[in-house]
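These notes concern the structure reproduced below.
The values are calculated or read from the model by the stated rules, or taken from the named source; none is laboratory data. Keep in mind that this is a model prediction, so the values were computed, not measured. We place every Cβ from the backbone using ideal geometry, glycine too, and count neighbours over all the protein chains shown. Just so you know, the surface numbers come from the protein's heavy atoms only, side chains and all, with ligands and any DNA or RNA stripped out. Shrake-Rupley method; radii C 1.70, N 1.55, O 1.52, S 1.80 Å.
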Amino acid sequence: MENIQSLPIDIQSSKLLDWLLDRRHCNLKWQSAVKTIREKINAAIQDMPENQEITQLLSGSYIHYFHCLRIVEILRGTEASSKNIFGRYSSQRMKDWQEIVSLYEADNVYLAEVASLLSRNVSYEGPALRKQLAKAKQLQQELSRREVECQSSAADLRERYYAACKQYGITGENVPRELQALVKDLPAVLEEVGKDSGKLEEQIRLYAAFTNFVCEWSDPVLPMLTFAQTRGNTTFYEWRTGKVPTVVERPAAEAAPSGPATDDMIDWGDFGKGADPAGVNSGIAVEDGVDWGISVEPNSEDTGAGGIDWGDSDAAPIEIEIVDVGTDCPEGVARGEDASTVLENSQSRSQFIDELMELEVFLTQRISEMGEEGDVVSMSQFQLAPSIVQNQTQKHVREMLSQVQDLLHRLTTLRMQHLFMIQASPRYVERVSEVLRQKLKQADILVLKGATMVEKRQEALEEQSRLEPRVDLLAGCTRDLQKLIEADVSKRYNSRPVNLMGVNI
């Protein structure tokens, strides 16, 4: 018997209510009784004395039987004046709470309720709060990671922006203006390249002599390089015709109007305005603002019925010269594409670069061959070659190759490619500016997104700060319930130790 008394009673918290019902400690209809009790509690708490402890008890989320016992104990002190000679209280407050306690104790309703409350805390309330708390912590980590990613991506975009600006040769403060300023410097750069191409005389002579000796090639080689080597970066007209122009009419760089074209913006020339230098009226009375270039003199005796001058008058005849637009120009006048230099013109510049590459490949191959010409057979092959071919050393050819590669590099860098495109199409500046602006815009968006991540992370931190006290409070209340239930059940089994298992918040 003593051994049985010392054996503990272990009850799983999730099965506690079933355990109490199975052993007839509680009634199956306890929930309907609890409903009546809850209504009476809600009515009783409307009229309570000013007491700090009672206020603290009533501030809890759920008032159970053990709270009611404590309230009755407090009321014994506050309502002592209402006690009559028979030891009963005439205070309605005391009567209400004593009735509530009595209803709780009938059929051990209170035990079923606190057992249900304990199981709900362990199985539902606790896990839900822990899940919310874990979610808040995980969200903070995720937002911190995304904040760092936004900052890193924004910095990367800005770095790429300034790297792109560096490739263009600008600082990035005002992209359109800086790009236009670069184009203004382009003619000077091309002029310097044309001047340095004059140093390629020996390379061109070596290539021409070598091809003539090996292939008996009689046609001129590297015509564009030869031209630029002797004349520099001259006009395309001179390259095309072989003659130096007397007049070079370069187009004036004019900014395109920003608004839509109107009649006020159209320049119709000087027709009908002022005196004609040839002494002939080349205009007519303007009707509806259009000048057709026909002389109408209704008062003239020599005109026909329609008033049209057919050119039969005594006035000096007018010679009209028809010129195809953009093709035939007066002799010696470089106009349009002809006015551009050979390195500005895309066609001649491409030929110039192609011939530089051709010369580079030849010199590279020649250096490789000279390294292998140590045998007698190779030496005998060039015994009849021109002296310029025989007298070359590998070191000197490398120096000539270096000069060619330097010119080629100066014309084919990414910066020069962009400058040529800007010069060819002013709208390219807008496209480049927009592409670069998009990088900065995306970087700014990422910075704002990072700031949003900071705000959300702060909200998650506040949520964590709000949930942690609730978890601690729920854990404390659950531990108190556990002790009260264990003590109550223990009394029913002659003070045997009772252990509620799995109580963990």
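Annotations
- Any hit, the stretch 430-440, residues being within 30 Å of R120 (Cα to Cα), surrounded by 13 or more Cβ atoms within 10 Å (Cβ to Cβ) and of a type outside the set (S, T, Y): no
- Taking residues in the stretch 7-24 that are without any contact (Cβ under 8 Å) to a residue 60 or more places away in the chain, and partners anywhere that are assigned to a helix (DSSP H, G or I) and open to solvent by 90 Å² or more (accessible area, probe 1.4 Å), not one pair has Cβ atoms closer than 7 Å while being at least 6 places apart or on different chains.
- Any hit, the stretch 446-453, residues being without any contact (Cβ under 8 Å) to a residue 40 or more places away in the chain, open to solvent by 40 Å² or more (accessible area, probe 1.4 Å) and either touching a helix residue (DSSP H, G or I) at 6+ places or on another chain (Cβ under 8 Å) or closer than 15 Å to L182 by Cα (or both): no
- Criterion violated by R177 - all others in (1) open to solvent by 20 Å² or more (accessible area, probe 1.4 Å); (2) more than 44 Å from the chain's Cα centre (by Cα); (3) over 20 Å from V342 (Cβ atoms) satisfied: (2)
- Taking each residue of the stretch 147-174 that is farther than 21 Å from T412 by Cα and touching a residue at least 12 places away in the same chain (Cβ under 8 Å) and looking for partners that are open to solvent by less than 50 Å² (accessible area, probe 1.4 Å) and basic (K, R) with beta-carbon atoms closer than 9 Å, six or more apart or interchain, yields L157/K439; R158/K439; R160/K439; Y161/K439.
- Members of the stretch 328-358 found to be part of a loop (DSSP other than H, G, I, E, B) and more than 44 Å from the chain's Cα centre (by Cα), listed by number: D328, C329, P330, E331, G332
- Scanning the stretch 196-246 for residues that are touching a Gly at 6+ places or on another chain (Cβ under 7 Å), assigned to a loop (DSSP other than H, G, I, E, B) and buried (at least 17 other Cβ atoms within 10 Å of the Cβ) turns up G232, N233, P245.
- Test: residue in the stretch 332-342 that is open to solvent by 70 Å² or more (accessible area, probe 1.4 Å) and at pLDDT 55 or above: yes
- A count restricted to the stretch 1-24 and to residues that are open to solvent by less than 30 Å² (accessible area, probe 1.4 Å) and either assigned to a loop (DSSP other than H, G, I, E, B) or small (G, A, S) (or both) stands at 1.
- Among the residues listed as I54, I63, the single one being more than 18 Å from E105 (Cβ to Cβ), at pLDDT below 90, of a type outside the set (K, R) and open to solvent by less than 60 Å² (accessible area, probe 1.4 Å): I54
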